[in-house]
């Protein structure tokens, strides 16, 4: 009370004149005082209030029926809605008009979970029961929300402009070093790759920074982390402040658009009815403002790639961005359709999806707004498989090729969008085995000519394929044996620039993966996993090996964006030997960092050492005490020997530490 | 380090023991004949013929004159190390599993397996100076509390006042060697969870290490039986030893029988893992065996060690200079 009086005096308020009863604190638990942490989240994403009614939907525009038709209507409604989810016991209520005893034209349905209620709302809103009755469905809670919309419009506050930290700072580092991020255990660290000092330098480290994984944005501006409530991006020169948060509960996967303008987040939720597929929620956020531009909800089926009829899984990323760095378009594949959206309005181009029967897969050109689609063979060969190139937004088919006897195909774009390679697995005439060939499209040339390339040994299985980034070459690993061959081809050959030709074949390599340098010219032929991490650094210009190396049990290989360094790492498959090596582009091992041992806690070690020393002291003491007895046990023979023992040991240790060389001088005349 | 491969046994190895000077290595295997080798170059000196069953364990006297071996043929034999002649044979009613000389070599502690009606037991026998005076009388017999569980190892505590035993029931026990009374048992929660396969003393008997099928090894104080350290691996531990020179321990093990068909078929993958004794961290491993490792022993000078495997090979490794410079 004294404090209150003091404050009142300071402010010049006469306390006696205050009518205490007229003071109303703002409603709500927090009395209008918002806490900093919750502020952004609550504002952006008003979560459900605990009214307990979030599983309830209201279905409006039902026919008004007399009591005789009552049961029939209820049965129809129940049948429609129980397909979507499990209606709770007595969950369907159709109120009656007390005067006329007819239905009022709406009903309440309560599901077991909120997700089912939302799903029902989406699916049946607009459902045509008959010509004059179109369902209008809403969540019960939404009514509350709509009613609270204020009548007056208050203009949004404009936050003052704050100069943010220079996010691109790392580019201007004097020593031209790159940053890389590693996660080990619970710590996540960003380090400078400093090859000249032969070790990395820590930029920033944080424990428990992310719940599951981190990812750089494609241009390296942000570092994204994933948490239970959503994703966040961090950036900055040295401090790595949190720049923005994106609320998406239980987010599992994230994907940046290539120009870093948008972030797609994905989560999958367990259905309440085990026979249903998972519910999928996708949000597209604007990276800098954190606003949700568009969201997608639905069953996992809708987002699966045209599966092979079995369990269709959602393959990530669901949305593929196209049109180069402007992030102009994004598309997803569904059953028989490809939906292409443009990022100005976040709606479908031409308001409808591209309908392609049985489309199996699609890829964007990395630089131009062109889609490549693959439609598999149908009808036992009656309708051949097809690869088409479609221009967006015109939806004009630029080029198409029919392929016969195809069992599978995969598309590989070259990084500049100059070439597209389609790897086609074909059945032999007897349909018992497959052989592989390539259809090579030259995108930038007039009429997009196509060439067919088959390997010398047609039956060779293709293990891996990779275009040279920014170049005109590609490498293929083929063969069945444990040591397959690697062939290099170029799209531009010396004599005729229109034909693909082979540069060379390397036989019997222990490799199962290809990693081109992002600048081209160099490639690592890697044998990961089963091949024990054999690495061969190959110069494709000179067609010779620069160096070989090994990183036992390596599981991942990544080039730095400039193509100067490569990291090979062992991620936590094995408990031992985790860590990574940094190599130069020509195969020199620069340094290695074993994760388990590197940042061990110094304090803990000291403690352990001290504890041990105490034991040793105790033992020595007891040993001395017992020496007499021991001697007796050995009939007095022990003492000398024991002392010798200890002395001998000491001497030995010294020997180890001092390794001296003596050069004995010979007198040759002897 | 380049290992020296010694193939002298046709069946899996069971135990390895160096003599006190470190110049002889004794190996026991399931093939009934223990061998003795030169510890520096792996050249075999001789064999001890006489047992009719797998030889599980051995120990050698301080002066390297007398060897004692315990065998599944229900006998424990004393041998002249140099000549290979059998000096005496103790017979029991069940297979003998573990043998250990006391300080002064006047007594030996022997364990026997549960067999038909016999329960597992620990026996203490007097060893006479002159073999001709040897009798088979037992000084003390201790019946194991859990009679049907094997006692895999029993050794003398410091000053022969105590006997330390460990076995299939995963409990380490200290007994009074005069009265046979149980003095202490290891705790259930902190102790091993699965059968203890091996036990090895430090060079000054102040602490010992036990290895168990629960994929861990534990370091204990010999006098109070306090658990000091635990070392965790991915494989069940069949053998362990403490380095006499540096703060290292070595563990060797094998595969769960159920996993055998799914193991990596690359040859030579079974390894002896080295741990830092104090920090409990793995510092390295030595691969090479084609089967699970059953026996490990450090040479008393700490500069070499040997491992014996299911494949019947004994591998002798002399450490590289790098080994002595390992920094943590």
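Just so it is clear, none of the values below were taken in a lab; they were calculated from the coordinates. Since the model is a prediction, treat every value here as computed from it, not as a measurement. Because the Cβ atoms are built from the backbone with ideal geometry, glycine has one as well, and the counts that use them run over all protein chains shown.
Pop the C-beta distance of residue A:336 and residue A:407 into the FRET formula with R0 = 25 Å and round what comes out to the nearest 0.05.
Calculated value: 0.75.
Size of the range B:51-109 along its principal axes in angstrom, Cα-based, largest extent first?
Over the range B:51-109, Cα extents along the principal axes are 29, 24, 15 Å.
What's the extension gain from residue A:78 to residue A:58 if we count 0.36 nm per residue and subtract their Cα-Cα distance?
That pair, residue A:78 and residue A:58, stretches by 5.9 nm at full extension.
To the nearest 0.05, how large is the calculated FRET efficiency for residue B:301 and residue A:507 if R₀ is 45 Å and r is the Cβ-Cβ distance?
Computed FRET efficiency for residue B:301 and residue A:507 comes out at 0.35.
Quick one: length gained pulling residue A:93 to residue A:542 fully straight, 0.36 nm per residue minus the C-alpha distance?
The residue A:93-residue A:542 span can extend by a further 153.8 nm.
If every alpha-carbon in the range B:92-180 counts as one equal scatterer, what log10 I(q)/I(0) does Debye give at q = 0.14, 0.22 1/Å?
Taken in order of the listed q values, log10 I(q)/I(0) reads -0.45, -1.04.
Testing the spin-label approximation: label points 7 Å from Cα along Cα→Cβ at residue A:355 and residue B:148. State their distance in nm.
Distance between label points: 7.5 nm.
Order by neighbour count: A:489, A:111, fewest other Cβ atoms within 10 Å first, most last.
A:489, A:111
What is the distance, in nm, between label points placed 7 Å from the Cα along the Cα-to-Cβ direction at residue A:65 and at residue B:5?
My value for the distance between the label points is 8.6 nm.
So for the range A:404-508, what percent of the C-alpha to C-alpha distances run longer than 17 Å?
Percent of Cα pairs beyond 17 Å in the range A:404-508: 53.
Return the inverse of the average 1/r over all pairs of distinct C-alpha atoms in the range A:346-434, which is the Kirkwood hydrodynamic radius, in Å to one decimal.
Kirkwood radius, the range A:346-434: 14.1 Å.
Modelling each spin label as a point 7 Å along the Cα-to-Cβ direction, I'd like the residue A:609/residue B:40 distance in nm, to one decimal.
Placing both labels 7 Å along Cα→Cβ, they lie 3.5 nm apart.
Provide A:412, A:538, A:515 in ascending order of the number of other Cβ atoms located within 10 Å of each residue's Cβ, fewest first.
In order of increasing Cβ crowding within 10 Å: A:412, A:515, A:538.
Mind pulling the per residue volume of the convex hull built on the Cα atoms of the range B:1-159? Å³ is fine.
Cα-based convex hull of the range B:1-159, divided per residue, equals 125 Å³.
In whole angstrom, how long is each semi-axis of the equivalent ellipsoid of the range B:124-230, when you take the square root of 5 times every eigenvalue of its Cα gyration tensor and sort them from largest down?
Equivalent-ellipsoid dimensions as semi-axes: 26, 15, 13 Å.
Among B:59, A:90, B:241, A:326, which comes first, then next, by fewest other beta-carbon atoms within 10 Å?
So the residues, fewest neighbours to most, are A:90, A:326, B:59, B:241.
Which value results when the Cα radius of gyration for chain B is divided by 2.2 N^0.38 Å?
0.92
Under the definition of Cα pairs under 8 Å and six or more residues apart, what whole-number percent is the relative contact order of chain B?
So the answer I get is 13 percent.
So if R0 is 51 Å, what FRET efficiency would residue A:7 and residue A:297 give, r being the distance between their Cβ atoms, rounded to the nearest 0.05?
It comes to 0.50.
Please report the spacing between the Cα centers of the range A:81-109 and the range A:419-445 in Å, no decimals.
The range A:81-109 and the range A:419-445 have Cα centres spaced 58 Å from each other.
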